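Single-structure report; data block below.
Each value in this text was obtained by applying a stated rule to the coordinates, not by laboratory testing. From a predicted model like this one, the values you see are computed outputs, not experimental measurements. Cβ sites come from the backbone with ideal geometry, for glycine too, and all protein chains shown count toward neighbours.
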Amino acid sequence: MSAGAVHQVIPSLVRWDAIGNHSLQVQSILRDMGLESEIYVNDVGPEYAGRAHFFDRYRAQTGAWLMYQASTGSRLAAWFAQRPEPKLVNYHNVTPPRFFERWEPRLADEMVDGRHQIAKLAGVVRHGIAVSRYNEQELIDFGYRSTSTSPLLVDMSRFDIASDPTLAGWLDRQRQAGGTGILFHGRISPNKAQHDLVKTLVAYRRLYDPRARLHLTGGTSSGSYRYGLRRFVAAEGLWDGVDLAGPVSSEELAAYFRGTDVYVSLSEHEGFGAPLLEAMFNGLPIIAFASSAVPETVGDAALLLTDKTPGVVAAAIHRVVTDADLRASLVAAGKRRLAELDLSRTRAAMRAELTRVLEAGA
Amino acid sequence: MSEATGPSGPSGPGFDNERVMAEIRDEVARRRAAGDFPPSLERELDLVFDRYVPAGSVSSDFTEAVKAADRAAYINVAVPTESQKPGVGEVKRVLRKAMAWYLNYLAQQTTAFATASVRAMRSLGERLEMVEEQLADLAPARDDAADRPAVAADLGGWVSLCIRHLPTRGRVLHAECGSGALLRSLVDAGVDAYGVEPRGPLVDAAAAGGLEAWPDDPVEHLSAVADGYLAGLVLSGCVDRLALPRQRRLIELAAAKLAPGAPLILIATHPDAWSRAVPALEVDLAPGRPLHPTTWAHLLEGARFTDVVAQDGGDTSALSARRPG
């Protein structure tokens, strides 16, 4: 292999971001391979201040490759495209703009630009590595001639932390008072379809459990969607049943995963779906709408729905909550799936892929 | 595309997803039949949520969009200051008071601009309305399912035709299925059929009978179905009354959503619809009148359907065709 260095270019490196953590793992793999590897960013959170450099500090280096972590539109894409070094793309998916057109036209425009940027890179990169087959197919549709898949690098040991005691106590008291706890973790965003979860709660309360509660954790991608969601919750009289928790710490999130009964994802677009792994880690049975990359991420460790009308999802929740055998099967399948996606295996896969690509391209 | 290099993808079933989902669908059908959760309630939930989508992005009703814009034009600087955290509410109130002079100044200008824009839009809307009124005599009546009587047409005469053409494997859609009489016959004959129907009372009646029937508009429903998904399609009701552009759209969607070789059956129940005694031009040029079979056949052949055969059944008529394989 003649490459002496592979440096990564990533728009943003911030805490609690799955793509940022993935990039740090890739950096570790590259260094294990004996290569120099630095991370160049447009934006960095204070917790990673010493681990990344602003992209304008990059200096050309003989034998160096560049690898772009692509998940959003960014001015870095244009800078990356015009660099003379051999280039790779690691693709995490840019949300299709159709989900945002009704809610955030400005963001939808940015997504159009982001996808155009990824498509334009097809002409200048040597290879695209996607974190799911779903994403790989998008790369092919964008015109990439050489592609492969290597899963997202998720350090499951990060999930093995103590729960926030105050929140855990609150969730425990709710549980003792009765009522199924339903959880979804993800940014409040139209493509994540939290509104369908609220509809499901209406159906589930009416059909099975009037004291059921829905916990929605995660920051906000669309303010107007969040506002609409809050008004929808109020219109349905569900203030006592929907916990719009917002961004939570790792400890708080652990409390949610351990203090609820079922994880339900009705998301319509996921490039990978890292929170599904955290649900598996915490032994929470998963019900998921079979969209985008979700089926390949969960394997057989979720009850997969092809129809997410509220009555159907409510009946699925009831089945998982009341059928001990099914619940045990889902939890056991989750543990098996986690073993398949264990960091040691996914790192080995990424290392093999990088070695192959660098040798072929050298 | 290369093979996945990492351990992604299913690792073998721990349980039978298909079997569990079939049991769940049975449970849903049973609860619906018991009236616990009528499909119209799901439709209502959709409508309630759609109210909170930003103005003008869901409804195409111009007046409603202008009203929503009018409501949104006023900028309220009285920011909510309540907080569950002790002391934070007081801090917010102090900040609001301290910044009021600045925010009020900006808000007044923004409100004035927004109000003037809405007024201009309203004026434009009034002018458009005048143009529309002058064109009204030339345009066919607008289709609105809610305005039509909730009475299902009798399709009993076409059961055998449908069963003869429709396969017993793969999903078959009947749009509009009314209260589900034909759908029931298809299901009893082993066809994996479901229906959509925009009129709430009819679809509730179909669901109450244990049928899989959804409250939806045929064109919108077909738009949402995956390409090549349907093993068969029966169209009734909508074929009689839709305006010509929507009828053409219906044919385009049928061609896209049917699997190769899958059958399409159109059933007309309008007494004037397919009267062979009346020439095609005479029927089709009359605003608001259903199409003549010759015209339907022309449209279907234009969409590359094959084996197009029209049949007269007295009060009703049917036409069968097949999507090319």
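Observations on the structure shown:
- Residue by residue along B:34-46, Cβ atoms of other protein chains within 10 Å of the local Cβ number 4 on average.
- Given +1 at the Cβ of Lys and Arg, -1 at the Cβ of Asp and Glu and no other charges, the dipole of chain A around its Cα centre is 260 debye to the nearest 20.
- In summary, the aspartates and glutamates within cross-link reach of B:K97, defined as a Cα separation below 15 angstrom excluding same-chain residues under 8 places away, comprise B:E82.
- Candidates A:P86, A:P310, A:P165: whichever shows maximal mean-square fluctuation once chain A is modelled as a Gaussian network with Cα springs under 10 Å: A:P165
- Comparing A:G181, A:G128, A:G246 in a Gaussian network model of chain A, where Cα atoms under 10 Å apart are tied by springs, the biggest mean-square fluctuation is seen for A:G246.
- 0 to 90° range, to nearest 10: angle between helix A:18-32 axis and chain A longest Cα axis: 40 degrees
- Entries of A:K192/B:K92; A:K199/B:K67; B:K67/B:K92; A:K308/A:K335 with Cα pairs more than 29 Å apart: A:K192/B:K92; B:K67/B:K92
- Region A:157-340: C-alpha gyration tensor shape, a/c 1.5 cut-off, then a/b vs b/c: rounded
- Longest segment of chain A lacking trypsin sites (Lys or Arg not before Pro) that sit in a DSSP loop with at most 13 other Cβ atoms within 10 Å: A:212-362
- Since only A:G218, A:P275, A:I286 are under comparison, the one whose Cα sits farthest along the positive direction of the charge dipole of region A:157-340, derived from C-beta charges on Lys, Arg, Asp and Glu, is A:G218.
- Exposure proxy order (Cβ contacts within 10 Å, fewest to most) of A:T297, A:T62, B:T168: A:T62, B:T168, A:T297
- Full extension of the chain segment joining B:H298 with B:R71 gains 76.9 nm, where the gain is 0.36 nm per residue of separation less the Cα-Cα distance.
- Gain on full extension, evaluated as 0.36 nm per residue between A:D307 and A:W16 minus their Cα-Cα distance, stands at 101.6 nm.
- Remark: region B:62-137 carries a charge dipole of roughly 780 debye about the Cα centre, counting +1 on each Lys and Arg Cβ and -1 on each Asp and Glu Cβ.
- One decimal place: the segment B:A33-B:T111 gains 22.9 nm when fully extended, by the rule 0.36 nm per residue minus the C-alpha distance.
- The GNM of chain A, with springs linking C-alpha atoms under 10 angstrom apart, assigns the highest mean-square fluctuation among A:H22, A:H215, A:H116 to A:H116.
- Projected label points at B:L244 and B:D154, each 7 Å from Cα along the beta carbon direction, are separated by 3.3 nanometres.
- Counting, for every residue in A:296-307, the Cβ atoms of other protein chains within 10 Å of its Cβ and taking the mean gives 4.
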